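Notes follow once the structure below has been shown.
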Amino acid sequence: MTAILNKIPVSAWVSGTAEKMEAAGVEDRRAWSSYWVETYKALGGTSLSTARKGCPKSAAYALWYLGWLKGSKRPGLSWSVNEVRDNLGKNAAYAALAFRLLRQGAQSDPVGQLWKSVQREFKRETGESAADTERGAVTLAIGLFLKGKLVEP
């Protein structure tokens, strides 16, 4: 199964962006954003506003930054959900939680069911309420997980 996000294959989008980051020897969010849009366009994306959507972009950056993307040269980090949220943002924490739940056997379909589990875990671990709707972070994590592109920290 090929997971699609904004009409682009998730795995190719994330992997392509990560490869550009590593080739350039950078790790900052600004570079990720630039390479994210560049990779989106190279894969046939045409809408700049779609390419700039923050939720999936932040989730993808976090999974790469944490070293959880298979084939990445990044060191694997074992951060708590609070550390992920504090350092990389809520969407990063949602993706990290989704990956954890999927590894523990949670079902990926429907996405809304996994999102409810992510919301519950986020509240339990941070004491904060998660966003009301899933805007791409969990979908992205599911797509990478199903393609075998994520590795345990």
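No lab work stands behind these numbers, since they all come straight from the coordinates. Please read these numbers as outputs of a predicted model, since none were measured by experiment. In this analysis, Cβ positions are derived from the backbone assuming ideal geometry, glycine residues included, and neighbour counts consider all displayed protein chains.
Pick from the range 84-119 the residues that are outside any helix (DSSP H, G or I) and either of a type in the set (Phe, Trp, Tyr) or in contact with a Ser or Thr (Cβ under 8 Å, 6 or more places away or on another chain) (or both): which of them is farthest from LEU66 (Cα to Cα)?
The selected residue is ALA106.
Taking the condition of being in a helix (DSSP H, G or I) and either of a type outside the set (A, V, I, L, M) or touching a Cys at 6+ places or on another chain (Cβ under 6 Å) (or both), how many residues in the range 1-48 meet it?
Number of matching residues: 19.
So that you can scan it fast, the table gives a plain yes or no per residue for (1) among the charged types (D, E, K, R); (2) under 16 Å from ALA131 (Cα atoms); (3) buried (at least 16 other Cβ atoms within 10 Å of the Cβ); (4) in contact with a Pro (Cβ under 9 Å, 6 or more places away or on another chain):
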site	(1), (2), (3), (4)
TRP32	no, no, yes, no
ALA60	no, no, yes, no
LYS73	yes, no, no, no
LEU102	no, no, yes, no
LYS116	yes, yes, no, no
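Which of the following residues is in contact with a helix residue (DSSP H, G or I) (Cβ under 8 Å, 6 or more places away or on another chain) and over 24 Å from ARG30 (Cα atoms): VAL81, VAL151, VAL118?
VAL118
Residues that are of a type in the set (Phe, Trp, Tyr) and assigned to a loop (DSSP other than H, G, I, E, B): does the range 74-83 have at least one?
yes
Please go through the range 120-153 and pick out each residue that is among the basic types (Lys, Arg), in contact (Cβ under 8 Å) with a residue 12 or more places away in the chain and farther than 20 Å from LYS70 by Cβ.
Scanning the range 120-153 gives a single hit, ARG135.
Filter the range 120-145 for residues that are basic (Lys, Arg) and in a helix (DSSP H, G or I); which is farthest from SER80 (Cα to Cα)?
Checking each candidate, the answer is ARG120.
Just give me the residues in the range 1-25 being over 17 Å from LEU150 (Cα atoms), free of Cβ contacts under 8 Å to residues at least 24 places away in the same chain and surrounded by 14 or more Cβ atoms within 10 Å (Cβ to Cβ), in sequence order.
The one that is over 17 Å from LEU150 (Cα atoms), free of Cβ contacts under 8 Å to residues at least 24 places away in the same chain and surrounded by 14 or more Cβ atoms within 10 Å (Cβ to Cβ): LYS20.
Is it the case that LEU101 is without any contact (Cβ under 8 Å) to a residue 24 or more places away in the chain and within 18 Å of ALA62 (Cα to Cα)?
Taking the combined requirement at face value, the residue satisfies it.
Can you find a residue that is within 21 Å of LYS57 (Cβ to Cβ), outside any loop (DSSP other than H, G, I, E, B) and touching a strand residue (DSSP E or B) at 6+ places or on another chain (Cβ under 9 Å) anywhere in the range 146-153?
Yes - at least one qualifying residue is present in the range 146-153.
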